[in-house]
Amino acid sequence: MNYYMKEIECAPRHEIEALQSFHLSQQIRHAYKNVAPYRDKMNKADVKPEDIKSIADLKKLPFTTKQDLRDNYPYGMFAVPLSEVVRIHASSGTTGKQTVVGHTQRDIDIWAECAARSLVSVGGSREDFVHVSYGYGLFTGGLGMHYGAEKLGAVTIPASAGNSMRQLEMFRDFGSTIVCMTPSYAISLIELMNENGFSKDDFKLKSGVFGAEPWSEEMRREIESGLGIKAYDIFGLSEMMGPSVSCECVYQCGMHICEDHFIPEIIDPDTLQPLPEGTQGELVFSCITKEAMPLIRYRTRDIATLVYDKCECGRTLARMLKPQGRTDDMLIIRGVNVFPSQIEAALLGFDNRATNYLLVVDRVNNSDTLEVQIETPAEIVGSIADLQVYEKKAKSVIDSAIGVGVTIKLKEPKSLDRSTGKAVRVVDNRKIKNKFGS
Ligand code: DLL
């Protein structure tokens, strides 16, 4: 088994915790001294930096939310003078005002090291050709994996997202071995390969790190068979760093968190109380080595589970199991909580070709409706009887998976949008109506 930093990745738990306690107490002093919003919050909670001596004291600290970052837009959460900042990234702002994140040179170096660690944990080495098809720019996917691949010493291919035929030609001509992209973009590329006579045997690809959006085990199987690779999950958020906060290893049983830089917690999003190991809840992170923008108990809104037992790969770093989605993506349909990822799993379990789908939520006569739009498989387009059977079967598997009755709308083949980045899977018309007060 190869590791990028074995001494950390396989350290005994007590050593990891001692390191975290040390960095946490330093970080709290740094944040209290240099970031007014943290100082104000801690004063209000009657906590002083001296009270935080170890990770056991973490629960004394107030939470930080995306709203705090928005309230202090753009630079109010920075802990260093702007002359120390070498890079800025920003979240897309699709759910409100965008949030800005700064990095010092040391922050960038640590990020690159975490990304190199991820690539090694999926079997990468300096012999690899790392093809980066995440978008480059304020989005962290492209530059994050780019710096990691260079740090590793691999051949880095900064393809960025889009221009999809060219991506396939580059896979073939440049000998790409590891790909980095969103899972939904991988699905679009597989479709394009099949339409244009490319075979997975034309490529030397062996693995890929896919993240930036939730994706199911069923989707993993489609990507693995379509590209002839092992597909690994990678997680991160721009507020903390970007990709490589955590990444799977070759055992594909949860993403190892870079715990020397990030302390994870799981809380109940209603009571805000920490939940025990193995319980699903909201993921909270504290960034304990970030210089430019420390994040203390940041509520990610992602729903996940933490496990701490030693992995078969030898790593002792805590793992987060595949995030189910975000609390703000969860749909409440006639009082029932539904995650889009549950529908994806049921749909692909029924028909593995149904990788492009759209959920349209509405309110009709004061009752919620959920329409699942699926592209009709080309083979059954001409047969009304086959279409009816297909629709009925799709409805029955989804209804029983989520416990709510849905409507199926079969769409023309290729009529739904294809994604090069994060796919839009849900259109919630209720939100639009509510905005206007109805
Ligand atoms: O998506 C960073 C990233 C880039 C991660 C490339 C992995 C690969 P943001 O745009 O700030 O950053 O979005 C962060 O995306 O809170 C999750 O809701 C979601 N997310 C990221 N990775 C995963 C994943 C990047 N592997 C938000 N599974 C996070 C599920 C993910 N959701």
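The values are calculated or read from the model by the stated rules, or taken from the named source; none is laboratory data. Because the structure is predicted, anything quoted here is derived from the model rather than measured. Every residue, glycine among them, receives a Cβ derived from its backbone with ideal geometry; neighbour counts consider all protein chains shown. Each accessible area value is taken on the protein alone, full model and side chains, heavy atoms only, with ligands, DNA and RNA left out. Shrake-Rupley method; radii C 1.70, N 1.55, O 1.52, S 1.80 Å.
Consider VAL86 carefully, then state whether it is open to solvent by 30 Å² or more (accessible area, probe 1.4 Å), away from the ligand (no atom under 16 Å from the Cβ), in the same structural domain as ARG299 (by TED's automatic domain parsing) and under 20 Å from ILE229 (Cα atoms). Taking the combined requirement at face value, the residue does not satisfy it.
Screening region 260-291 for residues that are within 30 Å of ASP109 (Cβ to Cβ) and of a type in the set (Ser, Thr, Tyr) and picking the one that is surrounded by the fewest Cβ atoms within 10 Å (Cβ to Cβ) gives THR289. State whether the residues of region 124-133 include one that is under 13 Å from MET241 (Cα atoms), out of contact with any Ser or Thr (no Cβ under 7 Å at 6 or more places or on another chain) and either more than 14 Å from the ligand (Cβ to nearest atom) or assigned to a loop (DSSP other than H, G, I, E, B) (or both). No, region 124-133 has no match at all. Scanning region 304-316 for residues that are assigned to a loop (DSSP other than H, G, I, E, B) and within 16 Å of the ligand (Cβ to nearest atom) turns up just one, THR305.
Within 19 Å of SER341 (Cα to Cα) and assigned to a helix (DSSP H, G or I): does that describe ASP417?
On the way: within 19 Å of SER341 (Cα to Cα): yes; assigned to a helix (DSSP H, G or I): no.
Taking the combined requirement at face value, the residue does not satisfy it.
Summed over region 285-303, the residues that are of a type in the set (A, V, I, L, M) and either in contact with a Pro (Cβ under 9 Å, 6 or more places away or on another chain) or near the ligand (Cβ under 10 Å from one of its atoms) (or both) give a count of 3.
Scanning region 88-142 for residues that are touching a Pro at 6+ places or on another chain (Cβ under 7 Å) and hydrophobic (A, V, I, L, M, F, W, C) returns VAL100, ALA115, VAL132.
Under the condition of being over 15 Å from THR140 (Cβ atoms), within 16 Å of the ligand (Cβ to nearest atom) and out of contact with any Asp or Glu (no Cβ under 7 Å at 6 or more places or on another chain), the residues counted in region 95-113 number 2.
State whether the residues of region 237-245 include one that is under 19 Å from ASN2 (Cβ atoms), within 13 Å of the ligand (Cβ to nearest atom) and open to solvent by less than 10 Å² (accessible area, probe 1.4 Å).
The answer is yes; a qualifying residue exists.
Okay, residues lined up against (1) in contact (Cβ under 8 Å) with a residue 40 or more places away in the chain; (2) outside any helix (DSSP H, G or I); (3) surrounded by fewer than 17 Cβ atoms within 10 Å (Cβ to Cβ); (4) among the hydroxyl-bearing types (Ser, Thr, Tyr):
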| site | (1), (2), (3), (4) |
| --- | --- |
| MET165 | no, no, yes, no |
| GLU169 | no, no, yes, no |
| ARG172 | no, no, yes, no |
| SER176 | yes, yes, no, yes |
| SER188 | yes, no, no, yes |
| ASN194 | no, no, yes, no |
| GLY197 | no, yes, yes, no |
| ASP201 | no, no, yes, no |
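Among the conditions (1) more than 22 Å from the chain's Cα centre (by Cα); (2) open to solvent by 30 Å² or more (accessible area, probe 1.4 Å), the only one that PHE139 does not satisfy is (1).
Within region 206-226, if we keep just the residues that are farther than 16 Å from TYR134 by Cβ and out of contact with any Asp or Glu (no Cβ under 9 Å at 6 or more places or on another chain), the residue that is farthest from the ligand (Cβ to nearest atom) turns out to be SER225.
Apart from one condition, LYS59 fits all of (1) under 23 Å from the mean Cα position of the chain (by Cα); (2) exposed (fewer than 14 other Cβ atoms within 10 Å of the Cβ); (3) touching a residue at least 40 places away in the same chain (Cβ under 8 Å); the exception is (1).
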